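Here the structure is laid out as structure tokens; the discussion comes afterwards.
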Amino acid sequence: MTDSLVLALVVPLAGALLVTALPAHAARIGLFSVMLNTLNIALLTLGVWQHDELQLALGDWAPPLGIGFVADGLSAAMLAMTALVSLAISVYAGDYFRDPARARHFWPLWLLLLTSLNGLFLAADLFNLYVNLELLGLSAAALGALGGQRTALEANLRYLLVGLLGSMTYLLGVALIYSGFSTLDFAQLAAQLARGDAAASGLLGATALGLMVMGLALKAALFPLHFWLPPAHGSAPAPVSAALSALVVKAAFYLILRLWLEVFAPLTTQGAANLLGLLGAGAVLWGSWQALRAERLKLLAAYSTVAQLGYLFLFFPILQGLPAGETRSNLFAAVTLMALAHGFAKSGLFLAAGFVQQQAGHDRIAELGTTLQQLPATTLTLALAGTALIGLPPSGSFVAKWLLLGGAMANGQWWWVLVLLAGTLLAVAYVFRLMTRAFGLEPTPRHFFTQARAEGPALLLAAMATGVLGVATAPLWHLLGTSGGLG
């Protein structure tokens, strides 16, 4: 089973090299590589299910000298979501990038992005995380600029510079950790911090954590550091926007969650967690309000990403205030469920938005009525994705929000409930504002799918967020029960 840890990096990286060497067959090689990656991640997830955790030290060099990979319940869940979303995006991209010149640029970068995501979720030391963060940022910015328009180039150049600033801030924290603890391995560092050998070490660790969280928050577009996200996501090609929103920013959040609840848990405080919660609350309210005011469909989706990320950070102050036990474990599973539901819903929404833009020639919401009425499958995708973004049953985000509400009340932090309710009402407003365009007097076509290859992947992703994750949560709870101290 440990071979799957290495293959998670080798398969997409080898695919990127083959696509570069054989550009005439880029689409076929790229899609085949993504399919192999999905199969390998399924085997990896099965291994975690059976053995609780998979570990591998490359070349039998144990940490801190060697490079280690670890897969537990949290990383397996994120890897599985990434594999399924990337497979759907790849099928969609085969039709979207029909121009051979654009396909030659897309597939190598896309497979490099997938390699970096897999490496990031499996990394077991802070520097290996940095390497994957850099590769992720570079490939994401290059993919976002494939639109070719001036606005796309400007937005993604800004995204590149912001990403580099976030990476440098994170790396400064890593340097402080190594100077004070002489190790970057998660397990060894957590053990030293738990012992609390010296007050100076605790101060050094807290400073390093602050720097790393700040850098990652910039990459995750946490309010008010979100300024780069709407133009970058709104101007990128639809498959790239889906990946950026569903996967790339989610990777930065994953790292914050991992560092906060596992590695640096002895140093985190309720005050610091409350600060993350306040920033999350600002993201929920501001992002939802901007989504309500957006004139373009892709901008609506981009601002809703800011808002949905804010919900994830509302969990931090509540988790911080709860003792270890069933309530805390359920709340940890809920934040993971919300991240997964958002990943599926937002990727489906962006893919659907891209198809609508292709069919209409624009994505101005006020003028999309006729187009939406002629695309019943895409309209259903938008409705299902909107259901998940609002948090209506039976979506996975409904379960997550319900547990968040219960955790806030159980912990006496009722004020987060007000943010939750306000954000939900605003989400209802911007989703219904979009969906009302689909109802009118014009007849709809007799065929459900206009173009199955373009509409099918988006519909399946939205259905995952709304149906599968909401109804079949027991397997996820079982998988996340293996996440060690995180739960």
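The values are calculated or read from the model by the stated rules, or taken from the named source; none is laboratory data. Predicted model, so just to flag it, every value in this text is computed and none were measured. Note that each Cβ is placed from the backbone with ideal geometry, even for glycine, and that neighbours are counted across all protein chains shown.
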Margin query: I'm trying to understand the selection: among the residues of the stretch 105-140, which are of a type in the set (D, E) and in contact (Cβ under 8 Å) with a residue 40 or more places away in the chain?
Written below: D125
Checklist line | Search result, residues across the stretch 229-260 that are in contact with a Gly (Cβ under 7 Å, 6 or more places away or on another chain) and among the aliphatic types (A, V, I, L, M) | finding: A232, A236, A238, V240, L244, A246, L247
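How about the stretch 252-288: which of its residues are part of a loop (DSSP other than H, G, I, E, B) and either aromatic (F, W, Y) or buried (at least 22 other Cβ atoms within 10 Å of the Cβ) (or both)?
Taking the stretch 252-288 as the starting set, the residues that turn out to be part of a loop (DSSP other than H, G, I, E, B) are 264, 268-269.
Passing the criteria: only F264.
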Item checked: Qualifying position, being more than 19 Å from M435 (Cβ to Cβ) and either without any contact (Cβ under 8 Å) to a residue 40 or more places away in the chain or out of contact with any Cys (no Cβ under 9 Å at 6 or more places or on another chain) (or both), among L319, L297 -> L319
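Name the one entry in A194, A155 that is aliphatic (A, V, I, L, M), in a helix (DSSP H, G or I), surrounded by 23 or more Cβ atoms within 10 Å (Cβ to Cβ) and modelled with pLDDT under 85.
On the way: A194 fails: surrounded by 23 or more Cβ atoms within 10 Å (Cβ to Cβ).
Only one candidate passes the filter, namely A155.
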Margin query: Just to verify a result, which residue in the stretch 11-34, among those that are surrounded by fewer than 16 Cβ atoms within 10 Å (Cβ to Cβ) and aliphatic (A, V, I, L, M), is nearest to A83 (Cα to Cα)?
Written below: L17
Margin query: Looking at the structure I just gave you, is A21 closer than 15 Å to G119 by Cβ and of a type in the set (G, A, S)?
Written below: no
Notebook entry, point to check: Out of all the residues in the stretch 158-191, which are in a helix (DSSP H, G or I) and over 15 Å from Y130 (Cβ atoms)?
Noted result: R158, Y159, L160, L161, V162, S179, G180, F181, A187, Q188, A190, A191
Notebook entry, point to check: within 16 Å of the chain's Cα centre (by Cα), surrounded by 24 or more Cβ atoms within 10 Å (Cβ to Cβ), of a type in the set (G, A, S) and under 20 Å from V85 (Cβ atoms), is that true of A352?
Noted result: no
Next item on the list: Kindly establish whether A206 is touching a residue at least 40 places away in the same chain (Cβ under 8 Å) and part of a helix (DSSP H, G or I).
Entry: yes
Note to self: Show the residue pairs meeting these rules: Cβ distance below 6 Å; 6+ apart or different chains; first residue within the stretch 163-192 and under 19 Å from E262 (Cα atoms); second residue of a type in the set (D, E) and part of a helix (DSSP H, G or I).
What the structure shows: none
Next item on the list: Consider only pairs whose beta carbons are under 9 Å apart and that are at least six residues apart or on different chains; among these, list those whose first residue lies in the stretch 39-57 and is farther than 14 Å from G481 by Cα and modelled with pLDDT under 90 and whose second residue is of a type in the set (D, E, K, R) and in a helix (DSSP H, G or I).
Entry: L56/D3
Note to self: Could you tell me how many of the residues in the stretch 465-487 are modelled with pLDDT of 80 or more, closer than 13 Å to F332 by Cβ and surrounded by 17 or more Cβ atoms within 10 Å (Cβ to Cβ)?
What the structure shows: 3
Next item on the list: Select from the stretch 362-395 the residues that are among the hydroxyl-bearing types (S, T, Y) and assigned to a helix (DSSP H, G or I) and write down the one among them that is farthest from G343 (Cα to Cα).
Entry: T370
Next item on the list: Filter the stretch 447-459 down to the residues that are part of a helix (DSSP H, G or I) and out of contact with any Leu (no Cβ under 9 Å at 6 or more places or on another chain), then identify the one that is nearest to A388 (Cα to Cα).
Entry: G456
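Determine, yes or no, whether A221 is modelled with pLDDT under 90 and outside any helix (DSSP H, G or I).
Criteria met by A221.
Give the residue, chosen from A272, A281, A238, that is closer than 30 Å to L146 by Cβ and either under 19 Å from the mean Cα position of the chain (by Cα) or at pLDDT 90 or above (or both).
On the way: A272 fails: closer than 30 Å to L146 by Cβ; A281 fails: closer than 30 Å to L146 by Cβ.
None of the others qualify; the one that does is A238.
Consider S86 carefully, then state whether it is among the hydroxyl-bearing types (S, T, Y) and farther than 12 Å from A243 by Cα.
When the stated conditions are applied, S86 does not pass them.
Kindly indicate whether any position in the stretch 176-185 is modelled with pLDDT of 90 or more and not basic (K, R).
Taking the stretch 176-185 first, the residues modelled with pLDDT of 90 or more are 176-177.
Right, trim to not basic (K, R) and you get 176-177.
Yes.
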Margin query: Whether any residue in the stretch 137-144 is buried (at least 22 other Cβ atoms within 10 Å of the Cβ), part of a helix (DSSP H, G or I) and among the polar types (S, T, N, Q) is what I want to check.
Written below: yes
Note to self: Suppose we filter F432, F398 for residues that are surrounded by fewer than 20 Cβ atoms within 10 Å (Cβ to Cβ) and either assigned to a helix (DSSP H, G or I) or touching a residue at least 40 places away in the same chain (Cβ under 8 Å) (or both); which single one remains?
What the structure shows: F432
Check: For residues in the stretch 434-464 being over 27 Å from the mean Cα position of the chain (by Cα) and among the small types (G, A, S), which is modelled with the highest pLDDT?
Finding: A438
Note to self: Cβ contacts < 7 Å: first residue under 13 Å from V306 (Cα atoms) and outside any helix (DSSP H, G or I), restricted to the stretch 234-247; second residue at pLDDT 90 or above and among the aliphatic types (A, V, I, L, M), any location; separation 6+ or different chain. Result?
What the structure shows: none
